[in-house]
Amino acid sequence: MKRTVIGGFIMLGGLFTTLTVIVVAALYIPSMNSWSGSQLWYAIFGGKQYGNESVESLFLGFPFVVGSLLSILGLVILVMEYFDKSFLK
């Protein structure tokens, strides 16, 4: 039971972080003047600077990746606990 709660909190923390970054990037998209590729992806991770052009990005790639990894880790913990308990019965 203890590992289930820990896994749930880890997954929820990761989901909260990841979804917050996505919402902030989506709100930032209308103020962007130039980008390359997907607007959402560019708003989160950014891109190369060409000449003296300013890079209009939030550079939130690190929190996005950490949140995604925490979500996956929490999900793995929950799945392991689920199958561990189901095989004992």
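The values are calculated or read from the model by the stated rules, or taken from the named source; none is laboratory data. Everything numeric in this text was worked out from a predicted model, so none of it was measured. Cβ coordinates were reconstructed from backbone atoms using ideal geometry, including for glycine residues, and neighbour counts include every protein chain displayed. Note: areas computed on protein heavy atoms with side chains; ligands, DNA, RNA excluded. Shrake-Rupley method; radii C 1.70, N 1.55, O 1.52, S 1.80 Å.
With axes computed from alpha carbons, what is the tilt in degrees of helix 61-88 against the longest principal axis of the chain, rounded to the nearest 10 within 0 to 90? The angle comes out near 20 degrees. Kirkwood radius for the chain, taken over all pairs of different Cα atoms as the inverse mean of 1/r, rounds to 14.8 Å.
Could you order Y82, Y42 by accessible surface area, starting with the largest, using a probe radius of 1.4 Å?
Correct descending sequence by accessible area is Y82, Y42.
With the highest mean first, a sort of the peptides 1-12, 61-72, 30-41 on other beta-carbon atoms found within 10 angstrom per residue produces 61-72, 1-12, 30-41. Using just its DSSP H runs of length 4 or more, each adding -39500 (n - 2.57), the chain gives a mean residue ellipticity at 222 nm of -24000 deg cm²/dmol after division by all residues. Its relative contact order, with pairs defined as Cα atoms under 8 Å and 6+ residues apart, puts the chain at 44 percent.
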